[in-house]
Amino acid sequence: MVFWIFGYGSLVWNPGFHYDEKVIGYIKDYRRVFDLACIDHRGTPERPARTCTLESMEGTVCWGAAYCVRGTPEEEIKAMEYLERRECEYDQKTYVNFYKEGDDTKAAITGVMVFTSTPDKESNKYYLGPAPLEEMAWQIATADGPCGNNRDYIFLLEKALSTIGHEDELVIELAKEVRKVLTVMEASCSSMEKNIDTKKLTGPTHIPLKSNLPETTIQQLLPPLVATDS
C-alpha cells in the first residue's frame, strides 16, 4: 500500500505521524488562504483561530510537502485516522497532482490527497471567509486553544516556508501585521499596569472611557490586571 498526503499548513513543519518519505514541491491551481476556523487546537468556539485552507485559483501554485506512507493497510489506516482527527475542520479530501521544482510539465506524483474545505458558510460551519488583513491579524494575535496559540501557527508556517525556500507573500504580510498587533497589545498592557500602580485602584473594575483597542482585545487584557470581588 502507498499513501501520499500533501501538507500546506502545520503539516509542513509538524506532520505528527509516521511517514516513509517527504518530498518538497507544489500543487497547481490552488492558493493558501486563512479562511478556516479552528476551535479545538489553536482556538476555541468562543474565540476561533484562523488557519489556512486552499482556494481554487487557476494559474497559481501552492508550495508545501508531500508525505508518503508505505506498508500495510493497518499503517495507512492509522495515519489516516490521526489526520482525520487533526484536520477535523476540513470537510473535503481532494486528490491532486504534485510537482517537484524544475519540472512543471509532468507530475512527480499523481493522486496525492489533500484536506480542503468547502468555501460556503451555510454548508461548512468552520468556513469564516475572507477578511481584511488587519482584522485577521487581530484574530490570530488573540486566539489560543489546547494545542497552543494562533500567532505561533502563523510564525511557524512563515519559518517553515522560508526553510524550504518558497515563501508565501500572504503569510509574510499576515505575520508582519500580527507582530504589529502584538506590539500594540504589549504597549497597552504596560500602560494599563502603570496606570493601575499609579492610581492604586481598589475598585472591582476600571475601564477607560475611550480606547483605540477593539473591545475584544480590551476584554482579553483586563482580567489579568484587575482584581474582582467574586
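Rule-based calculations on the coordinates, nothing more; no lab input. What you see is a predicted model; the values in this text were computed from it and never measured. Quick reminder, even Gly has a Cβ in these numbers, built from the backbone with ideal geometry, and neighbours come from all protein chains shown.
Provide the per-residue ³J(HN,Hα) series for segment 27-42, in order, calculated from phi with Karplus coefficients 6.51, -1.76, 1.60 and θ = phi - 60°, each as a whole number of Hz, with x at glycine and proline positions.
10, 9, 6, 9, 10, 7, 9, 10, 10, 10, 7, 10, 10, 10, 10, 10
Counting other beta carbons within 10 Å of each Cβ, put 13, 63 in order, fewest first. Display every interim value, and only then the final one.
Details: 13 15, 63 19.
The most exposed by this proxy come first: 13, 63.
Using the 10 angstrom Cβ neighbour count as an exposure proxy, how do 57, 136, 113 rank, fewest first? Intermediate results must be reported in sequence, preceding the final value.
Working: 57 12, 136 21, 113 16.
Ascending number of Cβ neighbours within 10 Å: 57, 113, 136.
Around residue 161, what is the net charge, scoring Lys/Arg as +1 and Asp/Glu as -1 over all other residues with Cβ under 11 Å from its Cβ? Spell out each step's value before the answer.
Working: positive: 32, 159; negative: 158, 167, 168, 169.
Around residue 161, the charge tally is -2.
Taking square-rooted eigenvalues a ≥ b ≥ c of the alpha carbon gyration tensor, is segment 1-94 rounded, prolate or oblate, where a/c under 1.5 means rounded and, failing that, a/b exceeding b/c means prolate? Present the calculation step by step, with values, prior to reporting the outcome.
Details: a/c = 2.16, a/b = 1.21, b/c = 1.78.
Oblate, since a/c reaches 1.5 and b/c is not below a/b.
Assign one of three labels to segment 1-42, namely rounded, prolate or oblate, based on the Cα gyration tensor with a ≥ b ≥ c the square roots of its eigenvalues; rounded applies when a/c is under 1.5, prolate when it is not and a/b is larger than b/c, and oblate otherwise. Each step should come with its number before you reach the end.
Details: a/c = 2.36, a/b = 1.29, b/c = 1.83.
Note, shape of segment 1-42 comes out oblate.
What is segment 48-181's relative contact order, in percent, from Cα pairs under 8 angstrom and six or more apart in sequence?
23 percent
Can you pick out the pairs among 78/106; 121/159; 100/159; 28/93; 93/121 whose Cα atoms lie more than 26 Å from each other?
Values: 78/106 31 Å; 121/159 30 Å; 100/159 20 Å; 28/93 16 Å; 93/121 18 Å.
In this structure, 78/106; 121/159 lie more than 26 Å apart at Cα.
Using all alpha carbons of segment 72-137, what is the percent of pairwise distances in each 5 Å bin, ordered from the shortest bin to the longest?
Values per bin, smallest distances first: 3, 14, 14, 16, 17, 15, 14, 5, 1, 0.
Taking 0.36 nm per residue of separation and subtracting the Cα-Cα distance, what length does fully extending residue 164 through residue 183 add? Each step should come with its number before you reach the end.
Details: separation 19, 0.36 × 19 = 6.84 nm, distance 2.82 nm.
The span from residue 164 to residue 183 would gain 4.0 nm if fully extended.
Straight-line reach from residue 22: which aspartates and glutamates have a Cα under 16 Å away, not including same-chain ones fewer than 8 places off?
76, 101
With θ set to phi - 60° and the Karplus curve 6.51 cos²θ - 1.76 cosθ + 1.60, what are the ³J(HN,Hα) couplings of segment 135-144 in order, to the nearest whole Hz, using x for Gly and Pro?
Whole-Hz 3J(HN,Hα) from phi for segment 135-144: 5, 5, 5, 4, 5, 5, 5, 10, 8, 8.
Taking the alpha-carbon distance from residue 176 and a cut-off under 19 Å, which aspartates and glutamates remain once sequence neighbours fewer than 8 residues away in the same chain are dropped?
Leaving aside aspartates and glutamates fewer than 8 places away in the same chain, those within reach of residue 176 are 35, 134, 135, 144, 152, 158, 167, 168, 186.
In sequence order, what are the phi-derived ³J(HN,Hα) couplings for segment 61-69 according to the Karplus relation 6.51 cos²θ - 1.76 cosθ + 1.60 with θ = phi - 60°, rounded to whole Hz, with x for glycine and proline?
Residue by residue, segment 61-69 yields 9, 10, 8, x, 9, 9, 10, 10, 10 Hz.
With a Förster radius of 25 Å, plug the Cβ-Cβ distance of residue 60 and residue 155 into 1/(1 + (r/R0)^6) and report the FRET value to the nearest 0.05. Numbers along the way, then the final one.
On the way: r = 23 Å, r/R0 = 0.94.
Rounded to the nearest 0.05, the efficiency is 0.60.
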